[in-house]
Amino acid sequence: YDLTKADVLVSFGADFLSTWGNTTEHTWQYAQRRKPEGGHMNRHWQFEARMSLTGANADVRVPTLPSALPKAIIALHDHLAKKAGASTVGGASAEMSEATAKVADELWAARGKSLVLAGA
């Protein structure tokens with residue numbers, strides 16, 4: 001994947017700027033899309049249990065209990081599945097519904113130009 005190509009970037013617990021994967025490459029790619037003077041910046045949502053370097057740089061950080069991260073992913077899936085006319089999984093938490101509905105709207109609008117990461 002290439003972070004420079006993502007208009008919408010959603011991370012579920014992936015601290016890709018500090019401890020997850022190739023942080024040097026991720027940081028460079030991320031910085032390329034975070035320059036206000038360069039035109040269109042990407043939008044970054046971060047769902048995480050503890051504050052991270054990546055979360056501190058996000059446009060929207062959603063504090064999430066570790067046990068709720070899978071439910072947030074299910075909620076996002078269900079919102080996107082409904083938009084696509086596909087079946088849903090169900091079992092998502094209501095507390096994550098509002099945030100994941102907003103994320104789903106942004107991902108849907110940026111189809112083909114978005115990236116969802118999940119880490120541990």
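The values are calculated or read from the model by the stated rules, or taken from the named source; none is laboratory data. All figures in this text were calculated on a predicted structure; none of them were measured in a lab. Positions of Cβ are backbone-derived with ideal geometry, glycine not excepted, and every protein chain shown enters the neighbour counts.
A few points about this structure:
- Which numbered condition ARG61 misses (of (1) closer than 15 Å to LEU9 by Cβ; (2) of a type in the set (D, E, K, R); (3) in a helix (DSSP H, G or I)): (3)
- Residue count for the range 80-100 satisfying the condition of being over 24 Å from ARG33 (Cβ atoms) and not in a loop (DSSP other than H, G, I, E, B): 9.
- Under the condition of being out of contact with any His (no Cβ under 8 Å at 6 or more places or on another chain), farther than 24 Å from MET51 by Cα and aliphatic (A, V, I, L, M), the residues counted in the range 64-120 number 6.
- Failed condition for MET51, given (1) more than 24 Å from ALA104 (Cβ to Cβ); (2) outside any helix (DSSP H, G or I); (3) touching a helix residue (DSSP H, G or I) at 6+ places or on another chain (Cβ under 9 Å): (3)
- Residue match in the range 90-97 (condition: over 14 Å from ALA118 (Cα atoms), surrounded by 14 or more Cβ atoms within 10 Å (Cβ to Cβ), aliphatic (A, V, I, L, M) and without any contact (Cβ under 8 Å) to a residue 12 or more places away in the chain): no
- Taken together, THR27, THR54, THR19, THR23 contain a single residue that is surrounded by fewer than 14 Cβ atoms within 10 Å (Cβ to Cβ) and of a type in the set (Ser, Thr, Tyr), which is THR19.
- Residue pairs whose Cβ atoms lie under 8 Å apart, sitting 6 or more positions apart in sequence or on different chains, and linking a residue in the range 19-34 that is at positive phi to a partner that is modelled with pLDDT of 95 or more, are GLY21/ALA14.
- Residues being crowded, with 20+ Cβ neighbours inside 10 Å and within 21 Å of ALA99 (Cβ to Cβ) - total across the range 1-16: 10
- In the range 72-89, the residues that are surrounded by 12 or more Cβ atoms within 10 Å (Cβ to Cβ), touching a helix residue (DSSP H, G or I) at 6+ places or on another chain (Cβ under 6 Å) and of a type outside the set (Ser, Thr, Tyr): ALA72, ALA75, LEU76, HIS79, LEU80, LYS83
- Taken over the range 64-79, the criterion of being in a loop (DSSP other than H, G, I, E, B) and touching a residue at least 24 places away in the same chain (Cβ under 8 Å) is satisfied by THR64 alone.
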